Amino acid sequence: MDINNKVIVITGAARGLGFAMAEYLADKGAKIALVDIDIESVTHAASTITDAKGYSCNVANEAEVEALFNQIKEDYSRIDGLVNNAGILRDGLLVKYRDGEISKMSLEQFQSVIDVNLSGVFLCGREAASHMIESGNGGVIVNISSISRAGNFGQTNYSAAKAGVVAMTTAWAQELAKFNIRTGAIAPGFIETEMTAQMPQKAYDMAAQMSPLKRMGTPYEIAQAVSFIFENDFLSGRVIEVDGATRI
Ligand SMILES: NC(=O)c1ccc[n+]([C@@H]2O[C@H](COP(=O)([O-])OP(=O)(O)OC[C@H]3O[C@@H](n4cnc5c(N)ncnc54)[C@H](O)[C@@H]3O)[C@@H](O)[C@H]2O)c1
């Protein structure tokens, strides 16, 4: 796909990886719909990018997601691309045992991450695909997974969601190819954003050292990989690992 003049929706775009993707794709001439639950930040973020609009939406809310895509279609008359990037962390052990006491990960803690990181991807992917099929122009859907999709200590909820995101990427590649819609996923390693900045200092320092390159990745490096998926017309249904050879 030639990115120039295409309408690309990016969720979780107020900051971090999503914002870097917005800047990168806008530089290649795309019109960007930046979507985030944080309306103030996304409005400000959009104002710093040429040919961009900010939209408020909780990707885990079906009615909000349906209204969002209808609004974007109304504003731009077409939707060519989607990056499902919005995500949250609510780390914790499945069962914690200390001094004879058991404490369990609550269903709410598990479900909150599944709602945003998995159901949110499902809802936005479904709405984007519907609009792309209706327009008959094809399109590209990119889902942001994680190195944690293989299963990671303290991340039952996050790992499950991020593995599911890759499975959906493959399923959609099979179902949507006949409409000229491609999909792709990216599994980033540890990247310098506000999300990783929340990690305790010791864990943050260790994470950087886990790559043989001895550093974290940058949002720009993930944005480059997103752009590659958009531009390479024979790439579909696969996950690209951008993790500096880190293994967790
Ligand atoms: N930073 C990393 O090291 C890393 C590694 C692997 C994967 N990822 C994934 O990349 C994506 C972006 O990560 P980041 O580091 O930029 O995170 P971030 O926390 O810096 O930004 C996430 C953005 O998503 C928004 N958001 C959260 N919940 C939302 C919801 N329900 N609806 C709409 N927007 C919502 C937030 O407001 C925020 O602006 C996430 O899916 C994350 O899981 C990040």
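The values are calculated or read from the model by the stated rules, or taken from the named source; none is laboratory data. Just so we're clear, the structure is a prediction, and the values are computed from it rather than from any experiment. Cβ coordinates were reconstructed from backbone atoms using ideal geometry, including for glycine residues, and neighbour counts include every protein chain displayed.
General remarks:
- Within the option set N70, N5, being touching a residue at least 24 places away in the same chain (Cβ under 8 Å) and more than 12 Å from the ligand (Cβ to nearest atom) holds for one residue only, N5.
- Qualifying residue in the range 9-28 (condition: hydrophobic (A, V, I, L, M, F, W, C) and away from the ligand (no atom under 16 Å from the Cβ)): yes
- Scan of the range 185-236 for residues that are more than 10 Å from the ligand (Cβ to nearest atom), buried (at least 17 other Cβ atoms within 10 Å of the Cβ) and more than 23 Å from E23 (Cα to Cα), ordered by number: A208, M210, S211, S236
- Inside the range 28-65, residues that are exposed (fewer than 15 other Cβ atoms within 10 Å of the Cβ), assigned to a loop (DSSP other than H, G, I, E, B) and of a type in the set (V, I, T) make up a count of 2.
- Among the residues of the range 146-184, just one is within 13 Å of the ligand (Cβ to nearest atom), out of contact with any Ser or Thr (no Cβ under 7 Å at 6 or more places or on another chain) and in a loop (DSSP other than H, G, I, E, B), namely S146.
- Residue within the range 103-113 that is surrounded by 18 or more Cβ atoms within 10 Å (Cβ to Cβ) and modelled with pLDDT of 95 or more present: yes
- Neighbours by Cβ (under 8 Å, 6+ apart or cross-chain): first from the range 187-214, on the phi < 0 side of the Ramachandran plot and part of a helix (DSSP H, G or I); second at pLDDT 95 or above and more than 9 Å from the ligand (Cβ to nearest atom): A208/K214; A208/R215
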